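What follows is a single structure, written as structure tokens, with notes after it.
Laboratory data are not the source of any read-out in this text; all were calculated from the coordinates shown. Since this is a predicted model, take the numbers as computed values, not measurements. For neighbour counting, all protein chains shown are included, and Cβ atoms are generated from backbone atoms with ideal geometry for every residue, glycine included.
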Amino acid sequence: MSASPSSRHRSTIVTKLRAAGCVFAEDEAQLLLSATRTPTDLAAMVDRRAAGHPLEHVLGWAEFCGLRVAVDSGVFVPRRRTEFLARLAADPEGNAVTRSRTVVVDLCCGSGAVGAALIATLDRVELYAVDIDSAAVRCARRNVAAAGAHVYEGDLYQPLPATLRGRVDVLVANAPYVPTEAIGMMPPEARIHEPRMALDGGGDGLEVQRRVIDEAPLWLSPGGHLLVETSERQAPDLVETFDRNGLTSRVASSEELDATVVIGTKAVIQSGTDI
Ligand SMILES: C[S@@+](CC[C@H](N)C(=O)[O-])C[C@H]1O[C@@H](n2cnc3c(N)ncnc32)[C@H](O)[C@@H]1O
């Protein structure tokens, strides 16, 4: 149901959003109108958006890989560019081979958007997701628990069951990778309304990612893949870390989505030989 206001009312909303700096004021007005049941709700949502809250927090959802993913206030809003990570994670070898069952770990899962996209894409997924932030964990559970996924709260691999060691086919991580000193230059929507721990990757931005890569070989199955979202500038340093951990790596990029992902593969040992 929508608030069905007059076109004059609609244009008042557009004007208010535009004055607040919303570039896509028309589209946003339409989304807010279709999301609200009463004029009071609508006014409150428009006020929040005009005050600078991310549209997705105001609506309570984000579009990701064609899905509506629930995103609570205070939880990182999944970005369009991360659709590239999800797409690669669904087919890391690029040969569309279908597995009977894929064991997936989504580290630093936030809202659980990447895992939700993999559940929607792959035939049979056994998904384990982890985040250190309890708000993100609650949100991810809303998005993936219905599919039988397990969502844990804790630091990277620490809460995962030990039985997963050596069994993970796809390990995916969009961990924080903004260098600490660059956070002040981020748009206010991120800087003010997303948690610092979702953005801050330490001095060079790679502190959390290095920890992800260093421990990955213990959890990956032979031939399993680790996929880490990064920036074009940071990718060479990450590749070095993949190499140091014995993972064969390559860098994939999408100009369209301004996205960069490093993909590493654990060797398959056969008759004492690495192939
Ligand atoms: C950039 S956000 C990405 C969220 C989600 N993967 C996505 O793409 O929408 C990074 C997430 O990592 C989580 N995080 C940061 N440090 C962590 C840690 N040490 N262990 C687990 N999660 C962590 C944050 O709480 C945040 O939800």
Query raised in the report: So which of 230, 180, 248 ends up being hydroxyl-bearing (Ser, Thr, Tyr) and closer than 20 Å to residue 109 by Cα?
Result: 230
Report task. Only one of these is touching a Cys at 6+ places or on another chain (Cβ under 9 Å), within 25 Å of residue 134 (Cβ to Cβ), within 13 Å of the ligand (Cβ to nearest atom) and not polar (S, T, N, Q): 198, 190. Name it. Result -> 198
Requested in this report: Have a look at 129, 173, 113, 89 and point out the one that is more than 9 Å from the ligand (Cβ to nearest atom) and small (Gly, Ala, Ser).
Outcome: 89
Report summary line: With criteria (1) in contact with a strand residue (DSSP E or B) (Cβ under 7 Å, 6 or more places away or on another chain); (2) of a type in the set (Gly, Ala, Ser); (3) buried (at least 24 other Cβ atoms within 10 Å of the Cβ), residue 136 comes up short on (1)
Report task. Taking residue 97 as meeting all but one of (1) more than 21 Å from residue 161 (Cα to Cα); (2) surrounded by 21 or more Cβ atoms within 10 Å (Cβ to Cβ); (3) more than 12 Å from the ligand (Cβ to nearest atom), write down the number of the exception. Result -> (2)
Query raised in the report: Given the structure, is residue 14 farther than 30 Å from residue 127 by Cβ, outside any loop (DSSP other than H, G, I, E, B) and β-branched (Val, Ile, Thr)?
Result: yes
**Report entry** Within the range 144-188, considering residues that are assigned to a helix (DSSP H, G or I) and in contact (Cβ under 8 Å) with a residue 40 or more places away in the chain, the one nearest to residue 120 (Cα to Cα)
**Finding:** 164
